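Quick notes on the structure that follows.
The values are calculated or read from the model by the stated rules, or taken from the named source; none is laboratory data. Because the structure is predicted, anything quoted here is derived from the model rather than measured. Quick reminder, even Gly has a Cβ in these numbers, built from the backbone with ideal geometry, and neighbours come from all protein chains shown.
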Amino acid sequence: MSLERSDVEKIAHLARLAIDEDKVESYAADLSKILGLVEQMDAIDTEGVVPMAHPLHMSQRLRADEVTETDQREKYQRNAPQVESGLYLVPKVIE
Amino acid sequence: MFEKTITELSAALRAGEFSSVELTQAYLDRIKQFDGDLNSYITVDAEGALATAAEADKRIQAGETGPLIGIPIAQKDIFCTDGVKTSCGSRMLDNFIAPYDATVITRMKQAGMVMLGKTNMDEFAMGSSNETSWYGPVKNPWDLERVPGGSSGGSAASVAARLAVASTGTDTGGSIRQPAALCGITGLKPTYGRISRFGMIAFASSLDQAGTMTRSAEDSALLLQAMAGFDPADSTSADEPVPDYSATLNDDLTGLKIGLPKEYFGEGLDPEMEKTINAAVDEYKKMGAEVVEISLPNTHLAVPTYYVVAPAECSSNLSRFDGVRFGHRCEDPKDLEDLYKRSRGEGFGDEVKRRILMGAYVLSAGYYDAYYLQAQKIRHLISDDFTRAFKEVDVIMGPTTPDAPFKLGEKASDPVSMYLSDIYTIAVNLAGLPGVSIPVEPVNGLPAGLQIIGNYFAEAKLLNVAHRYQQQTDWHRAIPEGYDV
């Protein structure tokens, strides 16, 4: 399986990732090589094998639906690029 | 004082030979002297370290006896540290001051450990050479032209060069064991879920596991004791009893059954590496262990499977870096999509981008069954190989890496050849098993590691097996030339 320029552009858009114009070809080449490595899986018969999602086959624990955290908004928002009145600011989404 | 084990340091602190403040200052001075070349730390927190050390001295004077009180440690920069920059080796988090402590950090603080600083690493733990760090590569103290391994390369180099008593690492596909092997130290990756992942920046959540990077198995046992155990804040934390890891270090190894997988001694293994591994196994025979050949027939599928599972989980985990709540934001975004794309494009380096793209691709509509689902099934086959093996043997041994540390830049342009340097370590993460790498006789003057793999939650057995070897040999005491103490 080899990836074209347009495939890389499409995936980059899906991942909301800007990549330099002049690097698209090299990403396509690298990803094609990695897919070549991954293709060894194709030959394996996995009929009836259960997919392994967790190494210890544990299921997710649930906790009681109770408030356990204290409000630390100000502290957490100190890392934000732009906030106002406790809200995160982004460019206008709705005209 | 740079040669003492944690137990010896702890005794010296209690006997008043020196204080924790003096010990900490000595390490800070040594970092200043040597780390310009090595680049093993991203952040050194001298002020914080000395303040914690002063606290530790008070606790010791008050008669507290914990073995880790006042011991200086380096933390991998993947663990969130309240009030201290936590970059994960990325430009994306270059401005990030963590607002809380990871559970690992909290536990070590409670144990009285002194954090010297945060160690350099491959960006978001994605790499096997430490060359993908935004902060520049770490050098191998055994040869400054060579890589220290990765992703916990700064942690490994700092311990090898005696710029920290011990350090923490994380291991998703070999990121503790491989750099430990390449720097000549002891690196333990415990069972998946043994140590909390809370506050440890996620790469591939079904594989990530924190562990210890130390000069000996004895030191590792002490650190693991503080780090291991159930944490309600981590939904995949294992609720299993934590044994006393130091109590069984000296257990006799007579009758220990060691399995040598024939797949770990085949094509691709440097013959010199094979020789040194065989010599280490012979040492175990002298101690009364029995050696049998075993087979892990799906070994060749581990790297391909990993490079579907890990990027898929990575692309999902790293979607949180969106330039909105924390981390890098681009200048003058024209709309929200531009903000996402450029912030991420500028914040992430090439290898991280490759893995996000790979992950987004294998998870995209139409490809999921062929890649991700097939990989999850093969993961089961790989795990079954180990389950069968552990019905016959107590531990599995082999090389940690196929060859000695490679040169900086040697594999940087070919991601696939870089990925293959983790060929012996990756299957262990896919299965969720514990593994330890210990230094054995060097290959052409460069460090080499023996990997010992155990059954689930058999960390005490692994440390016992590692410790007995370190009682018989001195490889773990070797200090790189130029870093004499």
State whether one or more residues within the stretch B:450-458 are touching a residue at least 24 places away in the same chain (Cβ under 8 Å), surrounded by 24 or more Cβ atoms within 10 Å (Cβ to Cβ) and more than 18 Å from B:Arg194 (Cβ to Cβ). yes
Look through the stretch B:255-268, keep the residues that are at pLDDT 95 or above and part of a loop (DSSP other than H, G, I, E, B), and return whichever of them is surrounded by the fewest Cβ atoms within 10 Å (Cβ to Cβ). B:Gly255
Output the residues belonging to the stretch B:402-436 that are in contact (Cβ under 8 Å) with a residue 12 or more places away in the chain, in contact with a Lys or Arg (Cβ under 6 Å, 6 or more places away or on another chain) and within 14 Å of chain A (Cβ to nearest Cβ). B:Met418, B:Leu430, B:Gly435
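Would you mind finding the one in B:Lys461, B:Lys407 that is surrounded by fewer than 24 Cβ atoms within 10 Å (Cβ to Cβ), within 20 Å of the chain's Cα centre (by Cα) and of a type in the set (Lys, Arg)? Spell out how you get there, then give the answer.
Details: B:Lys407 fails: within 20 Å of the chain's Cα centre (by Cα).
Checking each option against the conditions leaves just B:Lys461.
Which one is surrounded by the fewest Cβ atoms within 10 Å (Cβ to Cβ) among residues in the stretch B:206-230 that are of a type in the set (A, V, I, L, M, F, W, C) and under 24 Å from B:Met1 (Cα atoms)?
Here is the first cut: in the stretch B:206-230, the residues of a type in the set (A, V, I, L, M, F, W, C) are B:207, B:210, B:213, B:217, B:221-224, B:226-228, B:230.
Still in the running and under 24 Å from B:Met1 (Cα atoms): B:213, B:217, B:221-224, B:226.
Numbers: B:Met213: 35, B:Ala217: 28, B:Ala221: 28, B:Leu222: 24, B:Leu223: 29, B:Leu224: 27, B:Ala226: 20.
Per the stated criteria, the residue is B:Ala226.
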Could you tell me which numbered condition B:Phe390 fails, if it satisfies all but one of (1) in contact with a helix residue (DSSP H, G or I) (Cβ under 9 Å, 6 or more places away or on another chain); (2) within 30 Å of B:Val291 (Cβ to Cβ)? (1)
Using the structure shown, decide if B:Arg354 is out of contact with any Cys (no Cβ under 9 Å at 6 or more places or on another chain), among the basic types (Lys, Arg) and either facing chain A (nearest Cβ under 10 Å) or buried (at least 20 other Cβ atoms within 10 Å of the Cβ) (or both). yes
Among (1) on the phi > 0 side of the Ramachandran plot; (2) assigned to a loop (DSSP other than H, G, I, E, B), there is one condition B:Phe124 misses while meeting the rest; what is its number? (2)
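Answer with yes or no whether B:Ile382 is of a type in the set (Val, Ile, Thr), under 28 Å from B:Lys285 (Cβ atoms) and within 14 Å of another protein chain (Cβ to nearest Cβ). Explain how you work it out, then say what you get.
On the way: of a type in the set (Val, Ile, Thr): yes; under 28 Å from B:Lys285 (Cβ atoms): no; within 14 Å of another protein chain (Cβ to nearest Cβ): yes.
So B:Ile382 fails the test.
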Elements of type helices (runs of 4 or more DSSP H) in the stretch B:135-239, at least 2 residues being of a type in the set (D, E, K, R): B:217-227
Under 6 Å between Cβ atoms, which residue pairs at least 6 apart in sequence (or on different chains) link something in the stretch B:365-379 that is facing chain A (nearest Cβ under 7 Å) and of a type in the set (S, T, N, Q) with a partner that is surrounded by fewer than 15 Cβ atoms within 10 Å (Cβ to Cβ) and assigned to a loop (DSSP other than H, G, I, E, B)? B:Gln376/A:Pro51
Within the stretch B:59-86, which residues are within 14 Å of chain A (Cβ to nearest Cβ) and either of a type outside the set (Lys, Arg) or buried (at least 18 other Cβ atoms within 10 Å of the Cβ) (or both)? B:Cys80, B:Thr81, B:Asp82, B:Gly83, B:Val84, B:Thr86
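Scan A:Val83, A:Val49 and give me the residue that is under 21 Å from B:Leu301 (Cβ atoms), modelled with pLDDT of 95 or more and aliphatic (A, V, I, L, M). Don't jump to the end; show me each part of the working.
Working: A:Val83 fails: under 21 Å from B:Leu301 (Cβ atoms).
Criteria check complete, one pass: A:Val49.
Just checking, does the stretch A:35-45 include any residue being on the phi > 0 side of the Ramachandran plot, crowded, with 17+ Cβ neighbours inside 10 Å and at the interface with chain B (Cβ under 7 Å from one of its Cβ atoms)? Please lay out each step first, then the result.
Start the filter on the stretch A:35-45 by keeping residues that are on the phi > 0 side of the Ramachandran plot, which leaves none.
No: zero hits.
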Test: B:Thr103 is within 14 Å of another protein chain (Cβ to nearest Cβ) and closer than 27 Å to B:Asp422 by Cβ: no
Name the single residue, out of those in the stretch A:64-95 being over 21 Å from B:Gly83 (Cβ atoms) and either touching an Asp or Glu at 6+ places or on another chain (Cβ under 9 Å) or at the interface with chain B (Cβ under 7 Å from one of its Cβ atoms) (or both), that is surrounded by the most Cβ atoms within 10 Å (Cβ to Cβ). A:Val90
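On the given criteria, is B:Ser295 among the small types (Gly, Ala, Ser) and out of contact with any Asp or Glu (no Cβ under 9 Å at 6 or more places or on another chain)? Reasoning before the result, please.
Values: among the small types (Gly, Ala, Ser): yes; out of contact with any Asp or Glu (no Cβ under 9 Å at 6 or more places or on another chain): no.
Against the criterion (among the small types (Gly, Ala, Ser) and out of contact with any Asp or Glu (no Cβ under 9 Å at 6 or more places or on another chain)), B:Ser295 does not qualify.
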Is one or more of the residues making up the stretch B:83-93 within 23 Å of B:Thr214 (Cα to Cα), of a type in the set (S, T, N, Q) and in contact with a Ser or Thr (Cβ under 6 Å, 6 or more places away or on another chain)? no
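Could you list, in sequence order, all residues of the stretch B:87-102 that are surrounded by fewer than 24 Cβ atoms within 10 Å (Cβ to Cβ) and within 20 Å of the chain's Cα centre (by Cα)?
If we filter the stretch B:87-102 for residues that are surrounded by fewer than 24 Cβ atoms within 10 Å (Cβ to Cβ), which is where we start, we get B:91, B:94-101.
Scanning the stretch B:87-102 gives a single hit, B:Asp101.
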Any chance the stretch A:37-45 includes a residue that's part of a helix (DSSP H, G or I) and within 25 Å of B:Arg320 (Cα to Cα)? no
Based on what the data block shows, is B:Ser87 of a type in the set (Gly, Ala, Ser), touching a residue at least 24 places away in the same chain (Cβ under 8 Å) and either within 30 Å of A:Gln77 (Cα to Cα) or touching an Asp or Glu at 6+ places or on another chain (Cβ under 8 Å) (or both)? yes
Selection status of B:Asp335, free of Cβ contacts under 8 Å to residues at least 24 places away in the same chain, surrounded by fewer than 21 Cβ atoms within 10 Å (Cβ to Cβ) and in contact with a helix residue (DSSP H, G or I) (Cβ under 9 Å, 6 or more places away or on another chain): no
For B:Lys285, which of the numbered conditions (1) assigned to a helix (DSSP H, G or I); (2) buried (at least 17 other Cβ atoms within 10 Å of the Cβ) fails to hold? (2)
What's the number of the only condition in (1) of a type in the set (Asp, Glu); (2) in a helix (DSSP H, G or I); (3) within 14 Å of chain A (Cβ to nearest Cβ) that B:Glu331 fails to meet? (2)
